[in-house]
Amino acid sequence: MTSNTFSTDAILLTKKKFGDGHVSLCLLTDHLGLIRVCAFGGQRLSKRFKGGIEYFQVFEAEIQATTQNGQQNHNLSCIKSVKKRFTNIPMMMERYIAASYIQEMSSLLLNQLERDNSGSTTYFNQVVSCMSRINSITDKTTILDEVYDLSISLYQNTGFIPDIECSNSTNTKLCRLENFNTNILEKSPKSFALLSEIYNQ
């Protein structure tokens, strides 16, 4: 068995509790792209993860990678620092649902490219930049524009769709996203239903 430890900036996309106080995380990093890590003891108050294992923030993660019998596993050793917090996102329903959709969509789409991290820095920067803009937007229509632009850009950059014409129609944007989610992802993000409901009212 071999192991090495490295640091990388990361944003949390999904998390799930398991065992006695542990957490399984899906992180988008600027070093390895999308990775899955275990944070042992991550449910408990701990100096190792102080202020770190939360949504809507960018943090510097220390990751321990181990390889055994050709299989690689990642553990989150600690959160070294929180670099950016998107504190306004939870303060507005449209922002919260839009950001949740981005996280869920990214985890499903980039899951198919886990072993090819050649675009990891690009994907990481795109998602973080979009979250940062959504964090400061109050206009409902502009929030959807950000979600749509990022989604189309990720689908195109990962090679799943060709260039498509721009659209200013809310209905067209939602229909396109639904079509791409249904036909490309393993499953449509649960948060998309909430996103559609907000913009179809």
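The values are calculated or read from the model by the stated rules, or taken from the named source; none is laboratory data. These numbers come from a predicted model, not from an experiment. Cβ: placed from backbone, ideal geometry, glycine included. Neighbour counts: every protein chain shown. All accessible areas refer to the heavy atoms of the entire protein, side chains included, with ligands and DNA or RNA removed. Shrake-Rupley method; radii C 1.70, N 1.55, O 1.52, S 1.80 Å.
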*Filter the range 159-186 down to residues that are farther than 23 Å from Phe124 by Cβ and in a loop (DSSP other than H, G, I, E, B), then give me how many there are.*
7
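Quickly run through the range 7-17 and pick out the residues that are of a type outside the set (Asp, Glu) and surrounded by 13 or more Cβ atoms within 10 Å (Cβ to Cβ).
First, the residues of the range 7-17 that are of a type outside the set (Asp, Glu): 7-8, 10-17.
Passing the criteria: Ser7, Thr8, Ala10, Ile11, Leu12, Leu13, Thr14, Lys15.
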_Among the residues in the range 45-58, are any in contact with an Asp or Glu (Cβ under 8 Å, 6 or more places away or on another chain) and closer than 27 Å to Thr122 by Cβ?_
yes
*Looking at (1) within 14 Å of the chain's Cα centre (by Cα); (2) surrounded by 16 or more Cβ atoms within 10 Å (Cβ to Cβ); (3) at pLDDT 85 or above; (4) not aromatic (Phe, Trp, Tyr), can you tell me which one Glu54 breaks?*
(2)
*Pairs, please: C-beta under 9 Å, at least 6 apart or cross-chain, first residue open to solvent by less than 80 Å² (accessible area, probe 1.4 Å) and in the range 167-184, second among the hydrophobic types (A, V, I, L, M, F, W, C) and not in a helix (DSSP H, G or I)?*
Arg176/Ile164; Phe180/Phe160; Phe180/Ile161; Ile184/Phe160; Ile184/Ile161
_From the list Gln156, Gln126, exactly one residue is within 24 Å of Val58 (Cα to Cα), of a type outside the set (Phe, Trp, Tyr) and assigned to a helix (DSSP H, G or I). Which is it?_
Gln126
*Can you tell me which residue in the range 1-51 is nearest to Glu104 (Cα to Cα), limited to those that are over 19 Å from the mean Cα position of the chain (by Cα) and in contact (Cβ under 8 Å) with a residue 40 or more places away in the chain?*
Phe6
_Please go through the range 20-41 and give me each residue that is out of contact with any strand residue (DSSP E or B) (no Cβ under 9 Å at 6 or more places or on another chain) and either of a type outside the set (D, E, K, R) or open to solvent by less than 70 Å² (accessible area, probe 1.4 Å) (or both), ordered by number._
Gly21, Gly33
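Looking only at residues that are over 19 Å from Lys16 (Cβ atoms) and at pLDDT 90 or above in the range 92-122, which one is least open to solvent (accessible area, probe 1.4 Å)? First the steps, then the outcome.
Taking the range 92-122 as the starting set, the residues that turn out to be over 19 Å from Lys16 (Cβ atoms) are 92-98, 112-113, 115-122.
Those still in the list that are at pLDDT 90 or above too: 92-98.
Numbers: Met92: 37, Met93: 115, Glu94: 35, Arg95: 21, Tyr96: 110, Ile97: 18, Ala98: 0 Å².
This residue is Ala98.
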*Of the numbered conditions (1) touching a residue at least 40 places away in the same chain (Cβ under 8 Å); (2) touching a strand residue (DSSP E or B) at 6+ places or on another chain (Cβ under 7 Å); (3) not β-branched (Val, Ile, Thr), Ser81 satisfies every one except a single condition; which is it?*
(1)
